[in-house]
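To start, the structure under review is shown below, and the notes come after it.
The values are calculated or read from the model by the stated rules, or taken from the named source; none is laboratory data. Note that this is a predicted model, so its numbers are computed, not measured. Counting neighbours? That spans all protein chains shown, and the Cβs are built from the backbone with ideal geometry, glycine included.
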Amino acid sequence: MLETNTKAPDFTLPDKDGREVSLSSFAAEGKKTVLYFYSKDNTSGCTKQALAFAAAYDDFKALGCEVVGISKDSAASHAKFAEKNALPFVLLSDSELLAIKAYDVWHEKKNYGKTVMGVVRTSYIIDENGVIIWAKQKVKPDLNAGEMLAFLREE
């Protein structure tokens, strides 16, 4: 996991519609970025997390933030996931693990007794200058959005 007060690595990845999206574009618009990494579309925990961000999306927008979710799923998978769950925010496909590795969220995990490589559920808030101002690893899917909103409201 990257630490707070460090420059966030920029990236350009395809969204659910195949359009290229860069992290730096949000800073250029004067927005903070709520960036969360998750394992897989349509899994129980990841769906809970996405629905919590969707429910809080208007609150994030009111605070000048863009919400961005990243997993290694394809753009087509993201499109189906977003449509099925009415997700209003940006989902990016990182099948090459470029941002996932740059943000140090690709680690060994235990899954049903087997050791596998995978995304550790991690979230960041990046300010308008591209600096990480909040970071947390192994976040709880249903509490993550609320924790981030609380931080932003106190800032």
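Observations on the structure shown:
- Out of Thr33, Thr47, sole residue that is of a type in the set (Val, Ile, Thr), assigned to a helix (DSSP H, G or I) and surrounded by 14 or more Cβ atoms within 10 Å (Cβ to Cβ): Thr47
- Hey, Gly118 assigned to a helix (DSSP H, G or I) and not charged (D, E, K, R) or not: no
- Residue check, Leu92 among the hydrophobic types (A, V, I, L, M, F, W, C), over 11 Å from the mean Cα position of the chain (by Cα) and under 19 Å from Leu23 (Cβ atoms): no
- Region 106-154, subset among the β-branched types (Val, Ile, Thr) and within 19 Å of Ser44 (Cβ to Cβ), residue surrounded by the fewest Cβ atoms within 10 Å (Cβ to Cβ): Val116
- Residue in region 4-16 that is at positive phi, in contact (Cβ under 8 Å) with a residue 40 or more places away in the chain, in contact with a strand residue (DSSP E or B) (Cβ under 9 Å, 6 or more places away or on another chain) and outside any helix (DSSP H, G or I) present: yes
- Against the criterion of being under 20 Å from Met148 (Cα atoms), assigned to a loop (DSSP other than H, G, I, E, B) and in contact with a helix residue (DSSP H, G or I) (Cβ under 9 Å, 6 or more places away or on another chain), Asn42 does not qualify.
- For region 1-17, a residue qualifies if it is more than 16 Å from Asn129 (Cα to Cα), surrounded by fewer than 16 Cβ atoms within 10 Å (Cβ to Cβ) and at pLDDT 95 or above, and exactly one does: Thr12.
- Residue in region 50-61 that is surrounded by 14 or more Cβ atoms within 10 Å (Cβ to Cβ) and either part of a loop (DSSP other than H, G, I, E, B) or among the acidic types (Asp, Glu) (or both) present: yes
- Per-region count, region 27-48, residues modelled with pLDDT of 95 or more and hydrophobic (A, V, I, L, M, F, W, C): 4
- Scan of region 62-88 for residues that are closer than 26 Å to Asp127 by Cα, crowded, with 20+ Cβ neighbours inside 10 Å and either out of contact with any Asp or Glu (no Cβ under 9 Å at 6 or more places or on another chain) or not charged (D, E, K, R) (or both), ordered by number: Cys65, Val67, Val68, Gly69, Ile70, Ser71, His78, Ala82, Leu87
- Restricting region 85-115 to residues that are in a strand (DSSP E or B) and under 20 Å from Ala8 (Cα atoms), the residue that is modelled with the lowest pLDDT is His107.
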